[in-house]
Amino acid sequence: MREVLICITSTITILAWFVMIKNIVTNVNLNKVCHAIHAYNTDIIWKKIDDKKIDYDDMSGYCKTLFRFWDWGCKNILPKDKYELIKKYIHKEKHYDS
């Protein structure tokens, strides 16, 4: 009985660590995409091309992004066509702030 409890406790601990790390990665990626959308929209406004702005509502929700356990990147936060527009703005500068 003791071995079963140790196994269950170990499994729950590993899952908790996994979700905690995934939470941090999800927050960082959502923050990168938010900054990239802002930089893209600012650039579009300066170039006076108003029809190609990206709305923040186009982003996937936090829970949907968090529970996509196989996805650790920024690509699936926005639809593919909109992600291609902001792709060059994502890695332009480091976004470690929250």
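The values are calculated or read from the model by the stated rules, or taken from the named source; none is laboratory data. No experiment lies behind these values; they were computed from the predicted model shown. For neighbour counting, all protein chains shown are included, and Cβ atoms are generated from backbone atoms with ideal geometry for every residue, glycine included.
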Limited to region 22-61, what total is found for residues that are at pLDDT below 90, aliphatic (A, V, I, L, M) and more than 16 Å from residue 82 (Cα to Cα)? 1
Pairs please, first residue from region 37-62 and over 21 Å from residue 91 (Cβ atoms), second anywhere and of a type in the set (Ser, Thr, Tyr) and at pLDDT 90 or above, Cβ atoms under 8 Å, 6+ apart in sequence or on different chains. 62/26
In region 35-55, anything assigned to a helix (DSSP H, G or I) and farther than 21 Å from residue 79 by Cα is listed as 45, 46, 47
With the condition kept exactly as written, say whether any residue in region 1-10 is more than 26 Å from residue 91 (Cβ to Cβ) and part of a loop (DSSP other than H, G, I, E, B). yes
Going by the conditions given, is residue 74 of a type in the set (A, V, I, L, M, F, W, C) and surrounded by 14 or more Cβ atoms within 10 Å (Cβ to Cβ)? yes
Can you tell me which of (1) part of a helix (DSSP H, G or I); (2) over 12 Å from the mean Cα position of the chain (by Cα); (3) charged (D, E, K, R) is the one residue 32 doesn't meet? (2)
